[in-house]
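What follows is a short report on a single structure.
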Amino acid sequence: MKKQILILIVAFISATTFAQSEKKIDAKLAIKGYDVVAYFQENKAVKGEKSITTIYNDKIYYFASENNKSLFLKNPSYYEPQFGGYCAYGMSEGHEAPIQPEAFTIVDDKLYLNYNLETRTEWQKEQKERIVKADANWAKTKK
C-alpha cells in the first residue's frame with residue numbers, strides 16, 4: 001500500500017512538473033509554433049515541426065523544413081513578426097493581444113499578425129495609420 005501511494009505521489013509530481021514545463025515553452029513559443037518563413041515563402045500559415053527549431057530573442061521558433069530554418073538563421077530580424085508577435089491591431093490600440101496564426105498580413109516585407117480574421121479585416125481598413133500607432137506604442141512598451 002505504501003508503494004502504491006509513493007508511486008501516485010511521484011506520478012503526480014512528474015505530471016505537474018511536465019505541465020509547468022509545457023506552459024513555459026508555450027509562453028516562449030513564437031506564433032504558436034507556426035513557421036515564420038512560410039508566411040513569406042508560401043504566403044500562408046504553416047505549422048512548424050518541434051524537431052526543427054531554434055531560439056532567437058528569447059523566443060522558440062518551429063519550422064516546417066530545414067531550408068526554412070536555414071533562411072531564418074541567415075536573417076532572423078527579417079522574418080521576426082512585428083510587435084513581438086502580438087496582434088498589430090491591439091498594439092495600435094496600446095495593448096498586447098494574442099493572435100490567430102492564420103490572421104496575418106505582410107506589408108513592406110514585415111509580418112503583422114492579428115487577433116483573428118475579423119480583426120485583420122478591420123486593421124487592413126486603416127493599415128498605414130494603425131502601423132504608425134502600433135510602432136509608437138511598441139516603442140513605449142519596449143522601454
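Could you give me the ³J(HN,Hα) list for region 30-38, computed from phi with Karplus coefficients 6.51, -1.76, 1.60 and θ = phi - 60°, whole Hz, x at Gly and Pro?
6, 6, 6, x, 7, 7, 5, 5, 4
With N set to the residue count of region 41-114, report its C-alpha Rg divided by 2.2 N^0.38 Å to two decimal places.
Relative to the 2.2 N^0.38 Å estimate, region 41-114 comes out at 1.10.
May I ask you to evaluate 6.51 cos²θ - 1.76 cosθ + 1.60, the Karplus curve with θ = phi - 60°, for each residue of region 90-99 and list the ³J(HN,Hα) values in order in whole Hz, giving x for glycine and proline?
Residue by residue, region 90-99 yields x, 5, 5, 8, x, 9, 8, 10, x, 10 Hz.
Hey, which of these cross-link pairs are over 20 Å Cα-Cα: Lys32/Lys133; Lys69/Lys110; Lys69/Lys133?
Result: Lys32/Lys133; Lys69/Lys133 exceed 20 Å.
Laboratory data are not the source of any read-out in this text; all were calculated from the coordinates shown. From a predicted model like this one, the values you see are computed outputs, not experimental measurements.
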